[in-house]
Amino acid sequence: MIYPKKISSKKIDTFIKIFSLSVVVISIILLVINYLTTPNIYWSHLCICSLLYIYLTVRYSINRTRNISGFIVVQIILLTVLIYFIDYQIGYTGWSISVALPIIIIISNITMFILTIINYKNYGKYAINQLIIVLLSLSTIYFIHKGIISSNTLIKTSIIISIFNFLVSLILCYKDFKEEIIRKTNI
């Protein structure tokens, strides 16, 4: 076989409808069980938030299979929201911003670095998403400045890795990066 078989759009639409209905039904069942058994502890919200994360990831991966870096940015945003929500639900202690967010940023930077090295000729596709990751990484400086979190080694490491990754990407692909920025911002 020269070309792989493609899944028909009808099958994908059917899958999405069944998957959506399943997520809604499971969420309702979890809410009812939570309300009937332990109405003072909101454990079902964590489960529903996790289901929503899985649902959005599957939907995005089905609809957007071309740009891996876009998928990475979506994952960062979804994971950050999910982890912050979990931290908030269990009595906000700040681990979501001071520990989990830097780990997510480090992993995403390593992934983007590998993508850049492997496919540096087509870096223009990754340029904006790389910039979003850098800005998200630098947002932790704002939290430190406002006193929401204290500076720790993990946060400093994530910022250094993010800046290093961005500089290496710029050195390898300055022309593509410049063209992509101009194209996206219509300057």
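The values are calculated or read from the model by the stated rules, or taken from the named source; none is laboratory data. Not measured: the values here are computed from a predicted model. Neighbour counts are summed over all protein chains in view; Cβ atoms, including those assigned to glycine, are modelled from backbone coordinates with ideal geometry.
Residue 155 passes all but one of (1) of a type in the set (Val, Ile, Thr); (2) under 21 Å from the mean Cα position of the chain (by Cα); (3) not in a helix (DSSP H, G or I); which number fails?
Result: residue 155 passes all but (3).
Report yes if residue 167 is in a helix (DSSP H, G or I), touching a residue at least 40 places away in the same chain (Cβ under 8 Å) and closer than 24 Å to residue 110 by Cβ, otherwise no.
Numbers: in a helix (DSSP H, G or I): yes; touching a residue at least 40 places away in the same chain (Cβ under 8 Å): no; closer than 24 Å to residue 110 by Cβ: yes.
No; evaluated as a whole, the condition is false for this residue.
For segment 47-71, which residues satisfy the criterion of being modelled with pLDDT under 80 and part of a helix (DSSP H, G or I)?
Within segment 47-71, 57, 58, 59, 60, 61, 62, 63, 68, 69, 70, 71 qualify.
Yes or no: residue 101 outside the structural domain of residue 159 (by TED's automatic domain parsing) and either at pLDDT below 85 or more than 29 Å from residue 144 (Cβ to Cβ) (or both)? Outline the logic, then answer.
Numbers: outside the structural domain of residue 159 (by TED's automatic domain parsing): no; either at pLDDT below 85 or more than 29 Å from residue 144 (Cβ to Cβ) (or both): yes.
So residue 101 fails the test.
Residues checked against (1) at pLDDT 85 or above; (2) surrounded by 11 or more Cβ atoms within 10 Å (Cβ to Cβ); (3) not in a loop (DSSP other than H, G, I, E, B):
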{"residue": "4", "(1), (2), (3)": "no, no, no"}
{"residue": "10", "(1), (2), (3)": "no, no, yes"}
{"residue": "24", "(1), (2), (3)": "yes, yes, yes"}
{"residue": "29", "(1), (2), (3)": "yes, yes, yes"}
{"residue": "32", "(1), (2), (3)": "yes, yes, yes"}
{"residue": "36", "(1), (2), (3)": "yes, no, yes"}
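Can you find a residue in segment 54-65 that is free of Cβ contacts under 8 Å to residues at least 24 places away in the same chain and more than 25 Å from residue 101 (Cβ to Cβ)?
yes
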